[in-house]
1. Which cross-chain or sequence-distant (5 or more) residues have an amide H under 5 Å from the amide H of LYS445, H modelled 1.01 Å from N in plane?
2. Taking a 1.4 Å probe, which of LYS384, LYS316 shows the most accessible area, and what order do the others take after it?
3. Note down the magnitude of the dipole of segment 212-275 about its Cα centre, charges +1 on Lys and Arg C-beta and -1 on Asp and Glu C-beta and zero elsewhere, to the nearest 20 debye.
4. Name all residues of segment 416-454 having a backbone nitrogen under 16 Å from the label point set 7 Å from the Cα of GLN293 along its Cα→Cβ direction, giving them as ranges.
5. Working only with C-alpha atoms, what are the Rg and Dmax values of segment 151-270, expressed in angstrom?
6. Starting from the amide H of TRP328, placed 1.01 Å from N in the peptide plane, find each other amide H under 5 Å away whose residue is 5 or more places distant or on another chain.
7. Using θ = phi - 60° and the Karplus relation 6.51 cos²θ - 1.76 cosθ + 1.60, list the HN-Hα couplings for segment 508-517 in order, rounded to whole Hz, with x at every Gly or Pro.
8. For ASP527, project a label point 7 Å along Cα to C-beta. Then give me every residue of segment 473-501 with its amide nitrogen under 20 Å of that point.
Amino acid sequence: MASDQEEDEFLGFSDDEGDGTNSDSDYDDDEATQNAESEVNAHQIGDFEQNQQLPDLNEVGQEYAQECEVGPQHTSGISDNHSVPFLFDLNMPTQQEFPPSPIHQTETDQNHHKPRTPRINNELRLEILLFLLLRKEKHSDELIHGTNRQAVIMFGYTRKTIRLIWQRALAHKATMDSYFYDSKYHNCGRKRIQVTYESIASIGMGDRTTIIDLARMLNLSPTTVWRMVKRKQIKPHSSPLNPGISEECKMARMKWVLGLLMDYSIPNDPTYYSMYDFIHIDEKWFYLTQKSQRVYLANNEPFPHRKGKSRTKIPKFMFMAAVARPRWGQDGQLAAKRTSKNRVKGTIETKPIKSVNQIATRAMLINYLIPAIKDKWPPHEGEKVIYIIQDNAKAHILQNDQEWQQHYKQDGFTLILTQQPTNSPDCNILGLGFFRSIQSLMHKKMPKTVEDLSGAVTEAYNELHAKTLSNVWMSLQYVGNEILKHKGDNNYQLPHNKKKILEDEGNLPEQVKAPRWAVNECKQLVDEWRANQ
């Protein structure tokens, strides 16, 4: 085997630097290799002091190469300019074989760890306690062997967490206290900005129409105000324009609502009529389309192009609707209706007229409404009195109309025309919410012609579930309570009494009760007003 000197001469290494003298920094290659191996072994076993910089192999090789530069005189005939920039040892592993240093790990490698266990909430903490209590030994506070392990597997938390819950329960038992497991983790972190009621109410209405304006007045950022809106600390509201109510109109509204209460139920238990003998009629313009229609498109789908002759003069139809309260059978389905041999259900004859006046209204009531009531009303015995409630439009006729008097009694039906209070659209079923439901379904059909509009409105009326109409009739009774509470005024919000929840629970009443104090006060006001007239 060749000696080290011969091996160095073959690789082109020399102990001198070319001037024939040896420097103090020169040393043998074996010593350099031994030092490098000792540093590598220390790096592998982690034998470094704390906060000590780990060596870089490339820097070590360059340092050794500078100290072991090749001189100009060589016996092997190799060029004087030839040199080896790094010191290699074939017995040492390559740099890729070393385990990666924790200091030089990338951020991606450091993030590869087990997902963090979610914070335990109060309900789960109580569930774990009940699990442990069921596996407690009798006449002892010790748990059955293996209970902690089962809890760890079942709930996914560590033994320390399970043990702390049990120790806390034992501490409560020792002090004769009840188990209390509400944590205070919500008190940590940055505290939320609190906004008082007075600070918002003192701002003028015109200065809080947008989130940006309100944030500027509160000296907050718009994002903070938006989060308060999401947390329902600030309530957005769209204020509608309501008709003005005079004193005479307030009295008429109170008299109207008091007339809907059963006489024998006043004053001890005021209750509304079931209203099954009431029919509400009203007219409404249905436009062919809206000025702006929102749709959701797929990616790269072309925008739909809608066009018309005029943006202001959109074709429209006036529809008259007459609705009664749905009648339900014992199984919760609609009661059976009469069938007509004259025409199929849902058939509509479109006859355009120039204007809607009393002549047209009278013809609609006599020629269409009365036959429809006779065909669809459930069978009954004896005389049946039905009240047809309409608004105070000039085109409507009254009960004393001469031609109406000739037709209001037919085949055991007595039809009485009555008027709702003036400036009271919330006292009519159609204006209260039924027309809006039909209109929302109609616009989904996207009618393009006037003929399509008539069919779209009819289809929307037939598709609307009878439960929706029944809920509107219930809302009418709750609106009557609000009118009584506000003494005939309309400064109230439409009530939402969770009718769907009550219906699912089987507690939805058929007849709503009115507040006794409101009925007595309104009755007294009406009597005083009559006395002063």
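The values are calculated or read from the model by the stated rules, or taken from the named source; none is laboratory data. Because the structure is predicted, anything quoted here is derived from the model rather than measured. Counting neighbours? That spans all protein chains shown, and the Cβs are built from the backbone with ideal geometry, glycine included. Note: accessible area is taken over every heavy atom of the protein model, side chains too, but ligands, DNA and RNA are not part of it. Shrake-Rupley method; radii C 1.70, N 1.55, O 1.52, S 1.80 Å.
1. Placed amide hydrogens put nothing under 5 Å from LYS445.
2. Solvent-accessible surface, decreasing: LYS316, LYS384.
3. The calculated dipole for segment 212-275 is roughly 640 debye.
4. It comes to 439-454, nothing else.
5. 27.8, 76
6. Under 5 Å from the amide H of TRP328 lie the amide H atoms of ALA335, each far enough along the sequence or on another chain.
7. 6, x, 7, 10, 8, 8, 9, x, 5, 5
8. Answer for segment 473-501: 484-488.
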